[in-house]
Structure formats: C-alpha cells, structure tokens
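Worksheet for the structure shown next.
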2 protein chains.
Amino acid sequence: MKAGIFIKPGEVRVEDRPMPEIQKPTDAIIKIVRASVCGSDLWWFRGISKRESGTPTGHEGIGIVESVGSEVTNVKPGDFVIAPFTHGCGHCAACKAGFDGNCLNRETSSINGYQAQYLRFVNANWALVKIPGQPSDYTPEMLNSFVTLSDVMATGYHAAATAEVKPGDTVAVMGDGAVGLCGVISAKLRGAKRIIAMSRHEDRQKLAREFGATDVVPERGDEAVKHVMELTGAGVDAVLECVGTEQSVDTATKIVRPGAIIGRVGIPQKPDMNTNQLFYNNTGLRGGIASVTTYDREELLQAVLDGKINPGKVFTKQFTLDQLQDAYDAMDQRQAIKSLLIVDDQA
Amino acid sequence: MKAGIFIKPGEVRVEDRPMPEIQKPTDAIIKIVRASVCGSDLWWFRGISKRESGTPTGHEGIGIVESVGSEVTNVKPGDFVIAPFTHGCGHCAACKAGFDGNCLNRETSSINGYQAQYLRFVNANWALVKIPGQPSDYTPEMLNSFVTLSDVMATGYHAAATAEVKPGDTVAVMGDGAVGLCGVISAKLRGAKRIIAMSRHEDRQKLAREFGATDVVPERGDEAVKHVMELTGAGVDAVLECVGTEQSVDTATKIVRPGAIIGRVGIPQKPDMNTNQLFYNNTGLRGGIASVTTYDREELLQAVLDGKINPGKVFTKQFTLDQLQDAYDAMDQRQAIKSLLIVDDQA
C-alpha cells in the first residue's frame with residue numbers, strides 16, 4: 001500500500017509499505033478515504049521538533065473499517081468512521097472523566113500513519129466514531145467536515161469547552177489557523193454572543209467572520225490588549241488560546257475579566273509562566289490535548305450532520321496522497337489554511 | 001472607641017481611636033459583635049509582608065448596622081450582618097460574574113479595621129449579608145460560624161467552587177489551617193464522596209475527619225504523592241490548594257487525574273510555575289480571592305442556619321478585644337487553629 005513517510009525536515013515521500021495487520025483484539029484496520037495535514041505536523045516538518053526518519057506520517061482522517069479484532073463489537077467491516085487521533089479506551093479514569101486525549105491506556109505507536117491507504121487503529125472499540133451511511137451518501141464538503149472531526153474541530157472545541165464558554169459570553173480567540181477558526185465555530189456553537197477573532201490575515205479574517213466572529217483584532221501584544229479592552233470594557237468572559245507562543249499566552253492573561261478562563265490548545269512554547277497574575281485576577285488556566293471521541297459523540301458529529309457547522313471550509317487546498325509533499329509545502333508556505341488529502345477518490 | 005492597631009512585626013495594640021463616620025452614600029457603620037484573626041494576618045504579624053505601623057487591623061467580623069449612607073437601602077440600622085472582607089459593589093463585571101473578591105469598584109481603604117468596636121464598611125448596600133434576627137437569637141457556636149462567613153469559610157468554599165467539586169468526586173485538600181478545614185467542609189457540602197485531608201497535626205486531622213475527611217495523608221512532597229496515588233489509582237478529581245507554598249502547589253499538580261482542576265486560595269509564594277505539566281495532563285488551575293458575598297447568599301448562610309455545616313469549630317481559642325496580642329500570639333505559635341475575638345460580650 002501507499003504510505004506517507006517522513007524523510008527529513010522539509011521532505012516527505014509516499015512509499016510502498018506492507019499492509020498493516022490486526023495485532024491486538026482491540027485493533028481495527030481502516031481503509032482511509034480522506035486524510036489531512038495538521039498544523040502540529042509542521043513542527044517536525046520544519047525541524048523544530050525531532051522525528052525519526054522513515055516513520056509514517058499523519059494523525060487525521062476518515063475511512064471504512066476493513067477488519068476488526070475479536071474484542072471490537074461497536075463497529076464492523078464496512079462501517080464508515082472518523083478515526084480520532086486520540087485513541088481513547090473508554091474505560092480508564094481519564095476517558096470516563098471525558099478526557100480521552102489523556103487516555104491512560106493510550107499506545108504511542110498508534111498516533112501516526114493516517115496519511116496512507118490503510119491504518120492500524122488501536123483501542124478501536126470505543127475511540128472510533130461511526131458516521132451513518134457511506135461516503136457516497138455525502139457531498140465532498142460534508143466529507144471535509146468529517147475529516148476535521150478527527151482532530152482540528154475537536155481541538156478548537158476543547159479550547160471552548162475548557163474555557164467554559166456559555167450562552168451570552170464575550171469570547172476572544174487567539175490564533176487564526178485551522179484550530180483557531182474551529183475555535184470560533186465552537187464559541188458560536190456554545191452560544192457566545194460576541195466573538196473577537198485575533199487575526200491579521202485577510203483570508204482568515206473573512207473565514208472567521210463567516211464562522212461567527214463579530215469583531216476582528218489584527219494587533220498583537222500591548223496594542224491587542226488595548227483594542228480588546230476598548231471593545232469590552234472589563235475584558236472578555238473566556239479566551240480560546242490556539243497559538244501557544246509566549247506572546248499569545250501573555251496577551252490572553254491580560255484581556256480577561258476577573259474569573260474568566262483561558263482554554264489552551266496551542267502547544268505551549270514556554271513552560272514557565274508567572275501564575276500570580278492569574279491568581280490575583282481569579283483567571284483560570286485550563287486545556288491540553290482534546291477529547292476527540294467524547295466531543296464528536298456528544299455534539300460535533302450531529303452538528304455537522306445537521307449542517308449547523310461547516311468546519312470543512314478550513315481546507316483551502318486539496319491534494320491526492322501522491323502529492324503529499326505539495327500538501328505540506330502549501331501549509332508550510334501559508335498558501336493553504338489547511339491541506340486536504342484525497343486518499344481514495346472512488347469514495 | 002477601641003481599635004486594634006499594628007505597631008511592628010510581632011506587636012499589635014488596642015488603642016483609643018475616633019469613631020468612624022459615613023464618608024460616602026454607599027457606606028455603613030457597623031458595631032462589631034465578633035471578629036477574628038486570619039491566617040493571612042500572620043504574614044504582616046511575622047514581618048514577611050510589609051505593613052505600615054499605626055494601621056488598623058482585621059478583616060473578618062459580624063455586627064449590627066449602626067448607620068447607613070443615603071444610597072444604602074438593603075440594610076438598615078439595627079440589622080445583624082456578616083461583614084465580608086471583599087466589599088463587592090454588586091454591579092461591575094466582576095461582581096456580576098460572581099467574582100466579588102475582584103470587584104472593580106473595590107476601595108483598598110476598606111479592607112481593615114474589623115478588630116475594633118466600630119467599622120466603616122464601604123459598598124455596604126450589596127456586600128453586607130443580612131443574618132435573620134439578632135445575635136441574642138443564636139448560640140455562641142452559631143455566632144462563631146457566622147464569623148467564618150466573612151472570610152475563611154467562603155475562602156475554603158472558593159477553593160472547592162473553582163476546583164469544580166461535584167457530587168461523587170474524590171478530592172484532596174492541601175493544608176489543614178482554618179481555610180483548609182473549611183475546604184473539607186465545602187467539598188462535603190458539594191457532594192464529594194471521598195475527601196483526603198493532607199494534614200500532619202493530630203488536632204487538625206481530628207477536626208478534618210469531623211468535617212467530613214475520609215482519609216488523612218500526613219506526608220509531604222514525593223511521599224505524599226505516592227500515598228495519594230496508592231489511595232486513588234489515577235489521582236483525584238479535584239484539589240483544594242489552601243497553602244500556597246511551592247511544595248504544596250507542586251504536590252497538587254502531581255496527584256490529579258487528567259482533566260482535574262486545582263482550586264487555589266493559598267496566597268502563592270512563588271510566581272513562576274512550569275505550566276507544561278498542567279497542559280499535558282489537562283490539569284486546570286483556577287482560584288484566587290474568594291467571592292464572599294456571592295457564596296454566603298447562594299449557599300453558605302443557609303447551610304449554617306440549617307446546621308448543615310459548623311465552620312465555627314475552627315475557633316479553638318477565644319479572646320476579648322483587649323487581649324488582641326494574645327489572640328495573635330496563639331495563632332502565631334500554633335496554639336490555636338484560629339482565634340476568635342469577642343468584641344461585644346453583651347451581644
């Protein structure tokens with residue numbers, strides 16, 4: 001089968017690899033229909049984080065169940081599924097508390113290889129999310145939205161859920177990448193009345209407004225703080241931090257009214273933080289790895305099926321699996337907000 | 001009138017001072033019935049934090065409304081009231097969001113002088129909490145519990161509320177001072193099933209168990225982490241951090257299951273913190289100054305009136321106002337968990 005492989009920073013290649021096989025009774029083999037490139041893939045693509053050469057790439061996708069292990073009873077061969085990157089077991093303390101992104105039975109071997117024709121998916125019984133019908137029952141746009149439910153839409157939603165966005169809130173979203181844009185969708189879905197997109201790129205501002213942003217703040221740092229305080233008076237009720245840089249996190253702490261919560265999903269670039277400013281303003285700091293299966297089942301899949309949300313619009317370019325290098329380059333060079341991979345063009 | 005005055009570290013004195021007067025239409029003058037010494041008073045008493053010599057002391061008490069400004073309509077002279085240390089205005093963004101400890105119209109001049117016969121109380125209309133009847137209608141024990149509603153009980157409750165303790169939870173309470181013990185009461189009040197008191201003093205362990213602690217962990221640091229993990233498996237659902245030292249905060253971050261929240265009310269002694277460990281475990285960090293008026297009105301006063309909670313038991317020694325130095329010494333030397341001041345022994 002064809003599989004995306006990391007060669008070295010800046011280079012990926014599609015190689016022929018053996019078909020994956022069921023190794024444990026809790027595994028499933030998924031025939032990938034659509035996959036995508038994640039903003040977090042750029043960390044190793046750009047050489048910022050280390051990655052071993054020769055490892056299979058990708059952690060976002062949807063597909064058809066090809067075969068299942070003996071303990072997998074919730075899905076069967078032929079089912080159409082979202083393949084979350086999180087692989088929750090469904091029965092540990094983390095999964096039961098709704099934090100399947102921190103599943104205590106997670107297997108690190110399972111997090112890659114979605115940019116391929118077939119994928120071995122562990123903890124398949126609980127983690128996979130069944131989509132009604134077959135790919136052919138849906139428009140290409142709807143398929144795109146399903147792909148975002150394997151990571152980016154659920155990650156944006158995690159920022160809103162941990163920031164505890166509630167109806168009527170004024171919310172700021174730091175970051176206008178695909179996750180930030182899905183954060184805007186999530187804030188609206190949870191009933192926010194005013195959504196301030198912190199965005200400086202015109203195409204992304206436009207999409208943010210389409211997704212529900214009521215205001216755009218293009219500034220950064222102190223100027224951004226000033227602008228948000230002018231708009232809100234006492235600060236926002238919640239911040240969705242979808243960047244992770246020191247400046248973004250710092251700005252987040254300065255635009256909140258007392259008691260507001262910052263929901264973080266941007267991978268933090270600086271561990272140390274002065275948390276006194278949080279304490280003396282009663283600012284909450286929450287967030288981390290998303291609860292993909294939990295959110296998909298609770299709310300997100302139905303919202304896509306009902307046409308209430310259209311997160312698939314974050315894919316502004318699409319490629320075949322053979323064009324994997326181009327898909328990465330387009331995101332690396334900011335020519336695409338997010339790159340879609342059409343792995344099986346018959347589905 | 002008699003008023004407690006800070007002289008120098010280790011020394012307070014009761015001096016004769018002019019009667020306070022209404023200065024603003026939102027003021028009230030309160031005739032203090034009972035006051036108390038707070039653990040946070042020990043910071044300046046011990047010379048750890050700076051304080052100007054000659055300033056009036058105390059921020060906890062109950063009393064009778066003596067007179068009110070023209071804009072104060074919710075209470076009238078003769079009413080029996082709790083005098084929260086927080087002085088929320090009730091109409092700013094912080095108060096409306098339930099964070100009156102961060103009231104945006106707070107006047108810093110208002111935070112002291114409760115250890116006296118009379119007190120000028122600002123933002124009286126909303127902040128004061130009316131107690132039904134008169135002091136003579138209640139037992140001394142009940143009066144003691146009312147005193148805790150001006151700070152310490154509400155502060156313990158803030159730890160539980162910001163840690164989002166819910167029915168069935170397993171909760172750890174860091175600290176066995178009066179606030180920590182009130183944290184135990186609060187965890188139980190919110191329905192926690194298992195409450196682990198992190199306490200090494202026998203008298204406090206006993207009171208913690210009486211208040212609802214199901215387990216006691218006397219160790220500190222790594223040994224404490226090990227013990228809690230042995231008791232819980234994956235860690236606790238919530239931590240009430242009522243100490244504020246680096247070690248206590250560090251231990252708090254290591255005993256939580258993924259997604260749990262640490263509710264902090266211990267004044268943080270070290271600003272910088274590695275927040276990556278929070279991110280990668282989806283651990284939340286919340287807390288700060290308590291919402292005294294909000295909690296008293298929502299739940300705590302009624303819980304005291306109904307006899308559901310008895311936080312007044314944290315007063316293990318009592319003094320007259322003239323014995324103010326002894327009241328401080330008893331807490332400083334750990335002879336009392338908390339010192340009560342009987343300011344008006346006729347009430």
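Values for this structure:
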quantity: Single unsatisfied condition, A:S199 versus (1) out of contact with any Asp or Glu (no Cβ under 8 Å at 6 or more places or on another chain); (2) under 22 Å from A:T245 (Cβ atoms); (3) not aliphatic (A, V, I, L, M); calculated: (1)
quantity: Lone unmet requirement of (1) within 18 Å of the chain's Cα centre (by Cα); (2) at pLDDT 95 or above; (3) hydrophobic (A, V, I, L, M, F, W, C); (4) surrounded by fewer than 24 Cβ atoms within 10 Å (Cβ to Cβ) for A:I111; calculated: (2)
quantity: Criterion: within 24 Å of B:T293 (Cα to Cα) and of a type in the set (K, R) - qualifying residue of B:K31, B:K8; calculated: B:K31
quantity: Among the residues listed as B:S248, B:S291, the single one being touching a His at 6+ places or on another chain (Cβ under 9 Å) and of a type in the set (S, T, N, Q); calculated: B:S291
quantity: Residue that is surrounded by the most Cβ atoms within 10 Å (Cβ to Cβ), among those in the range B:68-108 that are hydroxyl-bearing (S, T, Y) and over 21 Å from the mean Cα position of the chain (by Cα); calculated: B:S70
quantity: Unique match (being in contact with a strand residue (DSSP E or B) (Cβ under 6 Å, 6 or more places away or on another chain), buried (at least 24 other Cβ atoms within 10 Å of the Cβ) and of a type in the set (G, A, S)) among B:G180, B:G175; calculated: B:G180
quantity: Residue selected from the range B:273-320 under the condition of a type in the set (D, E, K, R) and either within 15 Å of the chain's Cα centre (by Cα) or farther than 30 Å from A:Q269 by Cα (or both), by the criterion surrounded by the fewest Cβ atoms within 10 Å (Cβ to Cβ); calculated: B:D306
quantity: Close pairs from the range B:176-205: first part of a loop (DSSP other than H, G, I, E, B), partner buried (at least 24 other Cβ atoms within 10 Å of the Cβ) and among the acidic types (D, E), Cβ under 8 Å, at least 6 apart; calculated: B:S199/B:D176; B:R200/B:D176; B:H201/B:D176
quantity: Top-ranked residue in the range B:90-102 [being part of a loop (DSSP other than H, G, I, E, B) and touching a helix residue (DSSP H, G or I) at 6+ places or on another chain (Cβ under 6 Å); ranked as nearest to the other protein chains (Cβ to nearest Cβ)]; calculated: B:G98
quantity: Test: residue in the range A:27-35 that is in contact with a Gly (Cβ under 6 Å, 6 or more places away or on another chain) and of a type in the set (D, E); calculated: yes
quantity: Answer residue from the range A:244-290, given it is touching a strand residue (DSSP E or B) at 6+ places or on another chain (Cβ under 8 Å) and among the hydroxyl-bearing types (S, T, Y) and is farthest from the other protein chains (Cβ to nearest Cβ) among those; calculated: A:T251
quantity: Residues of the range B:212-247 that turn out to be in contact (Cβ under 8 Å) with a residue 60 or more places away in the chain, surrounded by 24 or more Cβ atoms within 10 Å (Cβ to Cβ) and not acidic (D, E), as a count; calculated: 6
quantity: Out of A:D137, A:D151, A:D169, sole residue that is within 14 Å of chain B (Cβ to nearest Cβ) and among the acidic types (D, E); calculated: A:D169
quantity: Filtered residue count, the range B:30-55, keeping only those that are surrounded by 21 or more Cβ atoms within 10 Å (Cβ to Cβ) and farther than 19 Å from B:G101 by Cβ; calculated: 7
quantity: Given (1) touching a residue at least 60 places away in the same chain (Cβ under 8 Å); (2) in contact with a Phe, Trp or Tyr (Cβ under 7 Å, 6 or more places away or on another chain), index of the condition A:G4 fails; calculated: (2)
quantity: For A:W43: the one exception among (1) at negative phi; (2) modelled with pLDDT of 95 or more; calculated: (2)
quantity: Exclusive hit being closer than 20 Å to A:I30 by Cα and touching a residue at least 24 places away in the same chain (Cβ under 8 Å), set A:G58, A:G47, A:G98, A:G54; calculated: A:G58
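So that you can scan it fast, the table gives a plain yes or no per residue for (1) of a type in the set (V, I, T); (2) in contact with a helix residue (DSSP H, G or I) (Cβ under 6 Å, 6 or more places away or on another chain):
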residue: B:E141; (1), (2): no, yes
residue: B:S150; (1), (2): no, no
residue: B:T155; (1), (2): yes, yes
residue: B:V173; (1), (2): yes, yes
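The values are calculated or read from the model by the stated rules, or taken from the named source; none is laboratory data. Note that the coordinates shown come from a computational prediction; the quantities given were computed from them, not determined experimentally. Note: ideal-geometry Cβ built from the backbone for every residue, glycine included; neighbour counts use all protein chains shown.
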